[in-house]
Amino acid sequence: EIIKKYEKYISYWISEPDKGIYDAMNKAIDIATGEWINFINAGDTFVDSSSVSKISFFLKKDLQIIAGDFFYINNETGNAEYRKANGTTNIFNAEFCCHQSMFTNISLMRKFYFCLEYSIGADYDFMLKAYMNNYKFHFVDFPIINYLGGGFSDRNLMKLSIERLHVISKYTTDSNIIFDNDNIRYIELN
């Protein structure tokens with residue numbers, strides 16, 4: 001209904017069955033016509049009308065992924081909490097950033113796509129794969145997205161932790177890295 005309401009402003013849309021969130025995102029990658037892509041999920045919004053223009057300066061540089069901070073919006077209270085992107089200093093412990101705050105060069109997305117083996121952790125897999133293949137990340141020091149909590153990943157934290165551990169095990173065989181990890185601690189506590 002919302003799409004139909006704004007249809008005159010939308011150049012292309014499709015509604016069809018898919019194999020989950022990341023399959024739908026991969027389909028979007030295939031039809032994208034621009035040089036950069038960003039995925040915003042239902043309920044998420046840009047922080048303000050200048051969010052994209054602030055990022056546009058960085059899109060002209062020799063970078064493949066640009067990401068920033070975000071506001072986590074509690075879906076029950078509406079309270080907003082500022083959260084910094086994690087960056088690449090602790091790649092095996094947390095996602096680099098909220099994927100909604102990430103702008104990716106379309107050629108990189110088409111090279112790797114999202115792995116459909118994961119129903120929640122494919123964005124983390126994509127980030128690790130890009131990093132391990134020496135693609136350039138740039139983190140801006142301002143919020144890009146209002147991320148509405150309570151979505152699919154928030155409702156499936158155990159599965160998310162398990163998928164993240166599987167992703168990590170694809171990129172390292174160091175058991176210390178795998179087992180000294182926030183995802184393991186989450187599983188142990190729950």
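The values are calculated or read from the model by the stated rules, or taken from the named source; none is laboratory data. Values in this document were obtained by computation on a predicted structure and should not be read as measured data. Because the Cβ atoms are built from the backbone with ideal geometry, glycine has one as well, and the counts that use them run over all protein chains shown. Note: areas computed on protein heavy atoms with side chains; ligands, DNA, RNA excluded. Shrake-Rupley method; radii C 1.70, N 1.55, O 1.52, S 1.80 Å.
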Item to complete: Label segment 150-190 by shape, choosing from rounded, prolate and oblate, from the square roots a ≥ b ≥ c of the eigenvalues of the Cα gyration tensor; if a/c is under 1.5 it is rounded, and otherwise prolate applies when a/b is larger than b/c, oblate when it is not.
Response: oblate
Worksheet, complete the sentence: Among segment 151-171, those whose backbone N falls under 15 Å of a label point 7 Å along Cα→Cβ from Asn41 are 151-164
Worksheet item: How far is it, in nm, from the label point at Ile106 to the one at Phe179 when both lie 7 Å from their Cα along the line to the Cβ?
Response: 4.6 nm
Response to the item:
Expressed as a whole-number percentage, the relative contact order of the chain with C-alpha contacts under 8 angstrom and at least six residues apart is 27 percent
Worksheet item: Which of the lysines could a cross-linker bridge to Lys27, judged by Cα under 25 Å and excluding same-chain residues fewer than eight apart?
Response: Lys4, Lys5, Lys8, Lys19, Lys111, Lys129, Lys136, Lys159, Lys170
Fill in: Portion, in percent, of the accessible area of the chain that falls on carbon or sulfur, probe 1.4 Å
52 percent
Discussion item. Check which residues have an amide H placed less than 5 Å from Trp36's amide H, if you skip close sequence neighbours.
Written reply: Ile106
Practice prompt. Using per-residue counts of other Cβ atoms within 10 Å, averaged over each peptide, order 97-110, 129-142 from highest down.
Written response: 97-110, 129-142
Fill in: Residue-level accessible surface for Trp13, protein heavy atoms, 1.4 Å, Å²
90 Å²
Fill in: Backbone N under 20 Å from the Ser15 label point (7 Å along Cα→Cβ), restricted to segment 38-58
40-44
Worksheet item: By how many nm would the segment from Ile187 to Lys170 grow when fully extended, if each residue of separation counts as 0.36 nm and the alpha-carbon distance is taken off?
Response: 4.2 nm
Discussion item. So with the 1.4 Å probe, I'd like the accessible area per residue for the chain, rounded to whole Å².
Written reply: 57 Å²
Worksheet entry | Cα-centre dipole for the chain with unit charges at Cβ (Lys and Arg positive, Asp and Glu negative), debye to 20 | 460 debye
Worksheet item: Ordered by residue, what ³J(HN,Hα) values in Hz, to whole numbers, does segment 76-91 give under the Karplus form 6.51 cos²θ - 1.76 cosθ + 1.60, where θ = phi - 60° and Gly and Pro are x?
Response: 8, 9, x, 5, 10, 10, 6, 10, 7, 5, 6, x, 10, 7, 9, 4
Worksheet item: By a straight-distance test (C-alpha under 18 Å), which aspartates and glutamates pair with Lys60 as possible cross-link partners, with residues fewer than eight away in the same chain excluded?
Response: Glu35, Asp141
Worksheet entry | Within segment 139-167: backbone nitrogen closer than 14 Å to the Asn74 label point (7 Å, Cα to C-beta) | 149-150
